[in-house]
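The values are calculated or read from the model by the stated rules, or taken from the named source; none is laboratory data. Only a predicted model underlies this, so the values are computations on that prediction, with no experimental measurement involved. Cβ sites come from the backbone with ideal geometry, for glycine too, and all protein chains shown count toward neighbours. Remember, those area values only see protein heavy atoms, side chains included, never the ligands or the DNA or RNA. Shrake-Rupley method; radii C 1.70, N 1.55, O 1.52, S 1.80 Å.
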Amino acid sequence: NAGVTQTPKFRVLKTGQSMTLLCAQDMNHEYMYWYRQDPGMGLRLIHYSVGEGTTAKGEVPDGYNVSRLKKQNFLLGLESAAPSQTSVYFCASSYDEGTAAFFGQGTRLTVV
Amino acid sequence: AQKVTQAQTEISVVEKEDVTLDCVYETRDTTYYLFWYKQPPSGELVFLIRRNSFDEQNEISGRYSWNFQKSTSSFNFTITASQVVDSAVYFCALLLGRGGGYQKVTFGTGTKLQVIP
C-alpha cells in the first residue's frame, strides 16, 4: 500500500529556477492538499483540490501554482523559486471533506 | 477568523508518566472538524483522531484519550503511561468545511513531546 507518494524527497534550487513537485495517491481520494511546514509555524495550506480538474487557493498560495489533471496526481509548481520558499512540503489526500488526511513523506526544498 | 493555539511548545516527561497536550481553537462556524496528528522524528505525519463539532464524546484508544469540550473550545490529548516511542511533535488542526468545495484548514504550531527513559 503506497498511500501518498511525493517526489522528489530532497531538492536544492537556485533563486529563480523552477521546479515541479509531484504527489500521487492510490486511495481514490477526491481531496488533495499541498502544505508547507516551517519552524514554529505549523503547517500552512498552499493550495488544495476537491476533485479532478479543480484547484483552489489556501492560506499561502503566492508564488505557487498547482494542477490536478488526473484524480490521483496533484502537482505543485514553483515558477521562480525564492529563498523564502525554503521549506518542507507535504502533500496530503482525503476521501471527503472533514475526513482524515493521509500525508506523504515530505519534500525538503532549499532555495539558495 | 480561525485559530488553533497549542500553548505548550515543548514538554518533557519521564517514561510512564501521564502527559496532556492542550489545544484551544477559535471559530465562529458551528460545523467543523478537529484533528490530532503525530509527527515522529522521521518526519511523516500520522493521523490520530478526528472529531466533528457535533460529537462531544470523549474517546479512548489504548493509552491515548481525547477530551473535547465545546464550552471551553478545547480538544486536549492525554497520553497515559508515556513511552519513548511517543516522542514526537503533535499537531492539533481545525478544518472548516462548508460544502461546495470550500476548505479552510488551520494547524496549531505543534507541541514537541520528549519522553525520557
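Things worth noting here:
- Percentage relative contact order, chain B, counting C-alpha pairs under 8 Å, at least six apart: 37
- Once A binds B, the 1.4 Å probe can no longer reach about 1700 Å² of accessible area, counting both sides.
- Only the Cβ atoms of Lys and Arg (+1) and of Asp and Glu (-1) were treated as charged; on that basis the dipole of chain A about its Cα centre amounts to roughly 400 debye.
- Semi-axes of the equivalent ellipsoid for chain A, Cα gyration tensor, largest first, Å: 22, 14, 13
- Overall dimensions of chain B, expressed as equivalent-ellipsoid semi-axes from the Cα gyration tensor (√(5λ), whole Å, largest first), are 25, 15, 12.
- Rounded FRET efficiency, nearest 0.05, which uses the C-beta distance separating B:SER71 from A:THR7 and R0 of 45 Å: 0.50
- Extension gain, B:ILE11-B:THR31: 0.36 nm per intervening residue step, less the Cα-Cα distance, totals 4.1 nm.
- Remark on B:GLN114: its backbone amide H falls under 5 Å from those of B:ILE11, B:SER12, B:VAL13, a criterion applied only to residues 5 or more positions apart or on other chains, H modelled at 1.01 Å from N.
- Radius 10 Å from Cβ of B:VAL115, net charge of other residues (Lys, Arg +1; Asp, Glu -1): -2
- Residue (of A:GLY40, A:CYS91, A:MET19) at the positive-pole extreme of the protein assembly as shown, dipole from beta-carbon charges: A:MET19
- Label point distance in nm, B:LYS3-A:MET27, each placed 7 Å from Cα along Cα→Cβ: 3.1
- Subtracting the Cα-Cα distance of A:LYS70 and A:TYR95 from their residue separation scaled by 0.36 nm leaves 7.5 nm.
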